[in-house]
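Participant: Attaching a single structure in structure tokens format; questions to follow.
The values are calculated or read from the model by the stated rules, or taken from the named source; none is laboratory data. All of these numbers come straight from a predicted model, not from anything done at the bench. Glycine also receives a Cβ, built like all others from the backbone with ideal geometry; neighbour counts cover every protein chain displayed. Protein only, heavy atoms only, side chains kept; ligands, DNA and RNA dropped before computing areas. Shrake-Rupley method; radii C 1.70, N 1.55, O 1.52, S 1.80 Å.
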Amino acid sequence: MKVTLFGAAAGEVTGSAYLVESGKSKVLIDFGMFQGVPNVDQKNRISERFTFRNLDSVLVTHAHLDHTGRLPILAQRRFTGSIYCTDATAELTGLILRDAARIQENDLLRVNRRRQREAKPLAKALYSPEDVENVLRRFRKVEFGKPISVAPGIEARWIEAGHLLGSASIQLTAQEGGQRKTVVFSGDLGQSAIPFTRTSNPIERADPVFLESTYGDRDHRSFKETAAEFAEVVRIASQQGGKILVPTFAIGRAQFLAVLLAYLFRRKEIEPFPVYLDSPMAIEASKIYLKFPELWHDRLKEIVRERPLREELLATRSKVCVTPAESRALNEKRGTCMILAGAGMCNAGRIVHHLRNNLWKPESSVVIVGYQGRATIGRALVDGAKEVRIFGEKIAVRASVHSLGGFSAHAGQADLLNWLAAMAPCRPRVFLTHGEDRAREPLAACVEQRFRIKPELPGYRDSIEL
């Protein structure tokens, strides 16, 4: 058996993709888009020499773009196999991929207008809306915990990962040469303390395990402390009389913050003010969350029993901005308000426009509540940049910038080690992926110290013989 990494390796977080070859079978685990890295467009454009015609199936851990964003390329390469994932993941992935194709079309119009003026050849989108619809037809839904055959000689099981609605780790079992190999792909693991999605379930058997390491170098601040800090930051920001900008991942983080804000307003911990959810995608994602209450955290279920949160989760108590005109109209709003807008890494979307219009105002505030990839505006703000470049224009950073890591949907170091502990007694080979080197190297040291297993740190396009 051989596993080749086509992303989320060599110190990178995005572009997750593993090609598993066993006997005559080929299975792809995730096929995510690279984000916020140098030469990102080139890295996302898989060489024409790389064929998917003999690929049996694709197994998806969860819906985030860095795990699903290149799937429509399969439609261009005449892939005829099945794409397996949980029910919630299938619905969220459809929402994400359609939005990605729409953004590409809009960006392409702007880029090609400039290229026409420069007498340069026109650029092409990575994929089209038609490619998205074609690949979505290949989706097949699976149940948590139920093993299914995904290719000749290969069986897979999806286990709750606690990262996002429907997210899973995948346990792959393959028969080859009279031997039985069990390979585990963690996907993205969730933080156990966040009372929104279910916590990850342990896996006790693996020969090798591919473990994410996004926050392998540290633990997050406790949820209780982070929620209190969030309330205090928002209280102070609201007194400044400016806009409070929150770069928000449309799926997961937007719903969590909508619930948290409603809860804080309801408890009178924050004086209510207008909240604008500037993300049609987040509204649609909220509707999907409401379809799967069985995948919620028990604490969220308790809050719902205390008072139904349908209004809060759908943000109908907030001001909803669907059209670009409604988004632009926020520029004229005066006084305190909060704007929740994507993209979560400030590398695209409506939040970039709001940052351009408000970063230079001292009364404005920016609250960062999630991971910011390298070479993104969000990372520059977290790192204390005095100015950033937006649409080619230098923008001074005079707004207050606050970074709250405790809301991350990713497991911190302790959660990663605790998840690995369940399978450590069987002495698996451990490969650390999906993390910058500054995160995965400290995690490797912890794994070696605690379990006496020396992890391996694979690189991009490395092939690992098992």
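Participant: Quick one: Gly162 ticks every box in (1) on the phi < 0 side of the Ramachandran plot; (2) open to solvent by less than 10 Å² (accessible area, probe 1.4 Å) bar one, so which box is it?
Facilitator: (1)
Participant: From the residues in segment 37-64 that are within 30 Å of Gly378 (Cα to Cα) and surrounded by 23 or more Cβ atoms within 10 Å (Cβ to Cβ), which one is modelled with the lowest pLDDT?
Facilitator: Ranking the candidates gives His64 first.
Participant: Of all residues in segment 240-272, count the ones that are open to solvent by 30 Å² or more (accessible area, probe 1.4 Å) and either modelled with pLDDT of 90 or more or outside any helix (DSSP H, G or I) (or both).
Facilitator: Residues meeting the conditions: 8.
Participant: Quick one: in segment 374-391, which of the residues that are over 26 Å from Val275 (Cα atoms) and either in contact (Cβ under 8 Å) with a residue 60 or more places away in the chain or open to solvent by less than 20 Å² (accessible area, probe 1.4 Å) (or both) is nearest to the chain's Cα centre (by Cα)?
Facilitator: Arg374
Participant: Then there's this: I'm trying to understand the selection: among the residues of segment 414-446, which are farther than 26 Å from Thr226 by Cβ and surrounded by 17 or more Cβ atoms within 10 Å (Cβ to Cβ)?
Facilitator: Hits for segment 414-446 are Met423, Ala424, Pro428, Val430, Phe431, Thr433, Ala444.
Participant: Looking at Arg198, Arg205, Arg235, which is the one that is under 20 Å from Ala424 (Cβ atoms), surrounded by fewer than 21 Cβ atoms within 10 Å (Cβ to Cβ) and of a type in the set (D, E, K, R)?
Facilitator: Unique residue meeting the criteria: Arg205.
Participant: Next question, about the same structure. Which of the residues spanning segment 162-191 are more than 22 Å from the chain's Cα centre (by Cα), small (Gly, Ala, Ser) and in a strand (DSSP E or B)?
Facilitator: Ala174, the sole residue that qualifies.
Participant: Next question. In the list Ala411, Ala399, which residue meets the criterion of being within 30 Å of Ser238 (Cα to Cα), touching a strand residue (DSSP E or B) at 6+ places or on another chain (Cβ under 9 Å), buried (at least 22 other Cβ atoms within 10 Å of the Cβ) and of a type in the set (A, V, I, L, M)?
Facilitator: Selected residue: Ala399, the only one of Ala411, Ala399 that is within 30 Å of Ser238 (Cα to Cα), touching a strand residue (DSSP E or B) at 6+ places or on another chain (Cβ under 9 Å), buried (at least 22 other Cβ atoms within 10 Å of the Cβ) and of a type in the set (A, V, I, L, M).
Participant: Could you say whether any residue in segment 416-425 is among the aliphatic types (A, V, I, L, M), farther than 18 Å from Ser169 by Cβ and in a loop (DSSP other than H, G, I, E, B)?
Facilitator: no
Participant: Moving on. Filtering segment 5-22 down to residues that are modelled with pLDDT of 85 or more and open to solvent by 10 Å² or more (accessible area, probe 1.4 Å), which residue is farthest from the chain's Cα centre (by Cα)?
Facilitator: Among them, the one singled out is Glu21.
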